[in-house]
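Here is the structure we will look at, set down as structure tokens.
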Ligand SMILES: Cc1cc2nc3c(=O)[nH]c(=O)nc-3n(C[C@H](O)[C@H](O)[C@H](O)COP(=O)(O)OP(=O)(O)OC[C@H]3O[C@@H](n4cnc5c(N)ncnc54)[C@H](O)[C@@H]3O)c2cc1C
């Protein structure tokens, strides 16, 4: 078996590590000069989205020997709407660093791999098909899946972010639900240390949003963050992602080609969480190749989460700022803790079950 992996990101590396552990040496092709060779940003793993798994990192370590260290445990999540604020505390998840940083998530994965990654790769999928018995597409987007007619696009998102200097609690993540600067979207702050944080605002590129002045929205968001933190923040770096595609493959495997990570449709449409599903699709691809299960079956819980997250996204898009106020207010205390800190309750599944009758998803 000669397995080629296209893309040394979360799904590609998780797949490669798992294959190696089962005695299969993969061939890994990365078109950049190193792993995680992009802007630095903070990302989070929210335990509630992966229920009934209680702790994502110990699950990955115990079940799959994938070892990850966060930059912080999320002990507190503060959610703001236009006029309300909710605080949820507990073992909520983990924050990590992505991009050009010595402790980035992909650098951590790379250390667990023996096989050398082939950088600066120019090989196309067609090249790999000719030379390998199996090809795993793990390029971080749905481009190949779409080209092969194997993809349903659900939305594209514009993200604008910055690294800011200030004073932060490493254990507190913040989110904003406010249509005045993130129409039908969301904004957040993830601390990278006690003096640095990543702030991001993201909204879908629907026709009604295309005429919006992204600069103005960003300024509104930035002022709001500074107001809520009661600090003047200094921007040290900025990034922009336009047309970040969220969608899903029809088939995770076609012949001996596997679609992993965002190529598969691992990113959840609700708040753009894709790290855990990407790692899992990488592991599942390797499991299929090692005869430990069928990719299609192993991915079923992820598929369900994707659909639930899509229901939640469509519901969220119907909320104006007054409704966001009501929602955020209700998340204070027992309700917020029940949904976000009690992993025995599958929050995505429960909410989507309630909302499905009114949200029309094909
Ligand atoms: C700004 C931002 C914030 C996010 N925040 C969160 C968050 O808080 N929580 C969360 O869970 N998810 C978050 N996500 C989503 C998450 O990052 C992705 O879902 C996840 O990284 C996808 O993993 P992947 O393996 O599919 O791709 P990646 O990890 O992106 O890896 C793809 C790799 O393929 C390489 N590649 C691309 N094309 C080729 C080619 N032709 N040949 C060879 N190699 C190629 C790339 O260089 C890259 O190394 C965020 C995404 C963005 C952009």
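The values are calculated or read from the model by the stated rules, or taken from the named source; none is laboratory data. All values derive from a computational prediction rather than experimental measurement. Positions of Cβ are backbone-derived with ideal geometry, glycine not excepted, and every protein chain shown enters the neighbour counts.
Key figures for this structure:
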read-out: Residue 35 being in contact with a strand residue (DSSP E or B) (Cβ under 9 Å, 6 or more places away or on another chain) and away from the ligand (no atom under 12 Å from the Cβ); value: no
read-out: Restricting the range 42-84 to residues that are more than 27 Å from residue 303 (Cβ to Cβ) and assigned to a strand (DSSP E or B), the residue that is nearest to the ligand (Cβ to nearest atom); value: 42
read-out: Long-range neighbours under 7 Å by Cβ, at least six apart or interchain, first residue within 12 Å of residue 74 (Cα to Cα) within the range 35-59, second in a loop (DSSP other than H, G, I, E, B) and within 7 Å of the ligand (Cβ to nearest atom); value: 46/273
read-out: Residue in the range 212-234 that is under 23 Å from the mean Cα position of the chain (by Cα) and closer than 26 Å to residue 302 by Cα present; value: no
read-out: Residue 158 within 14 Å of the ligand (Cβ to nearest atom), in contact with a helix residue (DSSP H, G or I) (Cβ under 9 Å, 6 or more places away or on another chain), modelled with pLDDT under 95 and farther than 30 Å from residue 4 by Cβ; value: yes
read-out: Enumerated helices (runs of 4 or more DSSP H) restricted to the range 86-155, each holding at least 2 residues that are within 24 Å of residue 45 (Cβ to Cβ); value: 105-110
read-out: Elements of type helices (runs of 4 or more DSSP H) contained in the range 267-333, each with 1 or more residues being closer than 30 Å to residue 83 by Cα and either away from the ligand (no atom under 12 Å from the Cβ) or without any contact (Cβ under 8 Å) to a residue 12 or more places away in the chain (or both); value: 300-316, 321-331
read-out: Filtered residues of the range 80-118 (kept if more than 22 Å from residue 196 (Cβ to Cβ), touching a strand residue (DSSP E or B) at 6+ places or on another chain (Cβ under 6 Å) and crowded, with 20+ Cβ neighbours inside 10 Å); value: 86, 88, 117
read-out: Any hit, the range 120-135, residues being surrounded by 20 or more Cβ atoms within 10 Å (Cβ to Cβ), in contact with a helix residue (DSSP H, G or I) (Cβ under 6 Å, 6 or more places away or on another chain) and touching a residue at least 24 places away in the same chain (Cβ under 8 Å); value: yes
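Here is a yes/no grid of residues against (1) in contact (Cβ under 8 Å) with a residue 24 or more places away in the chain; (2) touching a strand residue (DSSP E or B) at 6+ places or on another chain (Cβ under 9 Å); (3) surrounded by 13 or more Cβ atoms within 10 Å (Cβ to Cβ):
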| site | (1), (2), (3) |
| --- | --- |
| 208 | yes, no, no |
| 224 | yes, yes, yes |
| 235 | yes, yes, no |
| 252 | yes, yes, yes |
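Quick grid of which residues meet (1) over 19 Å from residue 3 (Cα atoms); (2) out of contact with any strand residue (DSSP E or B) (no Cβ under 6 Å at 6 or more places or on another chain); (3) more than 9 Å from the ligand (Cβ to nearest atom):
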site	(1), (2), (3)
123	no, no, no
132	no, no, yes
142	yes, no, yes
146	yes, yes, yes
149	yes, yes, yes
152	yes, no, yes
